[in-house]
1. Which pairs break 19 Å Cα to Cα here: Lys213/Lys286; Lys365/Lys396; Lys322/Lys346?
2. Report, by chain and number, residues whose modeled amide H sits under 5 Å from the one on Leu474, excluding near sequence neighbours (fewer than 5 apart, same chain).
3. Determine, for each peptide in 197-205, 114-122, the mean count of other beta carbons within 10 angstrom over its residues, then list the peptides with the highest first.
4. For segment 257-349, what class follows from the C-alpha gyration tensor (a ≥ b ≥ c being the square roots of its eigenvalues): rounded when a/c is under 1.5, otherwise prolate if a/b is larger than b/c, else oblate?
5. Straight-line reach from Lys433: which lysines fall under 20 Å, measuring Cα to Cα and dropping same-chain residues less than 8 apart?
6. Please go through segment 237-327 and write out the GluC sites (Glu not before Pro) that DSSP classes as loop and that have at most 12 other C-beta atoms within 10 Å.
7. For segment 420-461, rounded, prolate or oblate, judged on the Cα gyration tensor with a ≥ b ≥ c (square roots of eigenvalues), a/c < 1.5 rounded, else prolate if a/b > b/c?
8. With the cut-off at 18 Å, report for segment 377-444 the share of all Cα pairs above it, as a whole percent.
Amino acid sequence: MAAAMATAATAAAASSRAFLRPHGGLLLPLIRPLRRRLSATAASASAPVSTAAPGGVVDVLRERGLVEATTSEALAAARPGELKVYCGFDPTAESLHLGNLLGLVALSWFRRCGHTAVALVGGATGRVGDPSGKSAERPELDVAAVEANSDAIKSLVAQILGRVPEPAHHSQPGTNQQPLVNSAAGSSANMGSFVILDNYDWWKDITLLDFLKEVGRFARVGTMIAKESVKKRLASEEGMSYTEFTYQLLQGYDFLHMFKNMGVNVQIGGSDQWGNITAGTELIRKILQVEGAHGLTFPLLLKSDGTKFGKTEDGAIWLSSKMLSPYKFYQYFFAVPDVDVIRFMKTLTFVSLDEIQELEESMKKPGYVPNTVQKRLAEEVTRFVHGEEGLAEALKATEALRPGAQTQLDAQTIEGIADDVPSCSLAYDLVVKSPLVDLAVSTGLLTSKSAVKRLIKQGGLYLNNIRIDSEDKLVEEGDIVDGKVLLLSAGKKNKMVVKIS
């Protein structure tokens, strides 16, 4: 009986291994040049990366509050170069958003500790939609939208992961492009490589019947239903479609495919991804009959009140500068409340924990300048996402647009924030020689002339950052910056860009 069972198991494993070949029977090479793959490596700067801790990468992540759960404590003992870690990003929009930032930060920590990072764009799974953490099924995207979103996200991830950290303070980072090898295998002070993949490259060759026969039969329905993400949706009024129900198997097979063909041995994701991650480790054990596949989840990005960080009345906080300017991105972090700022310094930046503790202590001392730590947080996160150029743009705009600032305004700076603050267009004749009190009302900056006059008396109305002291102020031709725009400010936060047509 035992011999018969062993024979059956061997046959099942052989059949499953055969399925890992694309339709037609040709075994996938270990790493093949794919049209949809971008790859790059970055060697470290000449001095060691100061933010890498002497312990393992899991210890580093745990100390910074970036570990929710792991499938095995063996991860903590991994030496530099032993791990190939992937995090998935489905192309549901043209850009990643703030909720994806922790995944990129975690991948970067693995790189900083000498491991290989893999960003997997879901060109295939994005056509299905992950039900995890969702109360309703995602809207279906057409193929053209998925492909366009995938390409945009690959480019964004390549930019973010491709930057090499500075060994010292804020020197200009540089990169050293090399072939896809792990040049950091011997030292935790060196950066590991990274690669960007698209799961459509292997899913396009798989038929439904093959998938059901060779993968589906290893999945237990009871186990799938027991996943927390599934139970929540089944208990909801809308329920769950079969398409969404199979998502955990699709993601699980991604892990299986990359484990088998590329040596990827760790999957990471937010805490809501635990069910999908363990679906992958289970498939690898059952189909390949091997151990060595691990999972790690990090907490979701939440504010102290339990609500999601990154959701605003205006929508998501996007990581792409095409959808949200570096200035607006910077301002969002600058406005983080004191109760959250230290925690976000730990989870979203690479500043050493010793320095973060010093910043925390400084907040308790007399003479602390409000928002000093927020400014540091905004600078670090903006640099990571948008690079030195994006940070410089954000800082320039922040300083130039500060009411009372001495910085000379120019039309380019003002127009650069026009998409991030209220704006309007007025004819030249309706602006020049117009009372500023009337203009503040007609543009919608304030609701009434009495409110404008009251603000002037309080010293809170500004024209091009210059405080207005007289209710009789008329807009002159010389007030129009470069003959194109005006900037009205009510206090520090409320602004109105007036474009002159």
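1. Flagged as over cut-off: Lys365/Lys396; Lys322/Lys346.
2. Those qualifying (amide H under 5 Å, at least 5 residues apart or on another chain) are Leu436.
3. My ranking of the peptides, most packed first, is 114-122, 197-205.
4. Here segment 257-349 falls in the prolate category.
5. Hits, sequence-local ones excluded: Lys449, Lys453, Lys473, Lys484, Lys499.
6. Sites meeting the loop and neighbour criteria: Glu237, Glu238, Glu291, Glu313.
7. It is oblate, given that a/c is not under 1.5 and a/b is not larger than b/c.
8. Roughly 55 percent, rounded to a whole number.
The values are calculated or read from the model by the stated rules, or taken from the named source; none is laboratory data. What you are looking at is a predicted structure, and each value in this text was computed from that prediction instead of being measured. No Cβ is skipped: glycine too gets one built from the backbone with ideal geometry, and neighbour counts run over all protein chains shown. Areas reflect the complete protein model, heavy atoms only, side chains present, ligands, DNA and RNA absent. Shrake-Rupley method; radii C 1.70, N 1.55, O 1.52, S 1.80 Å.
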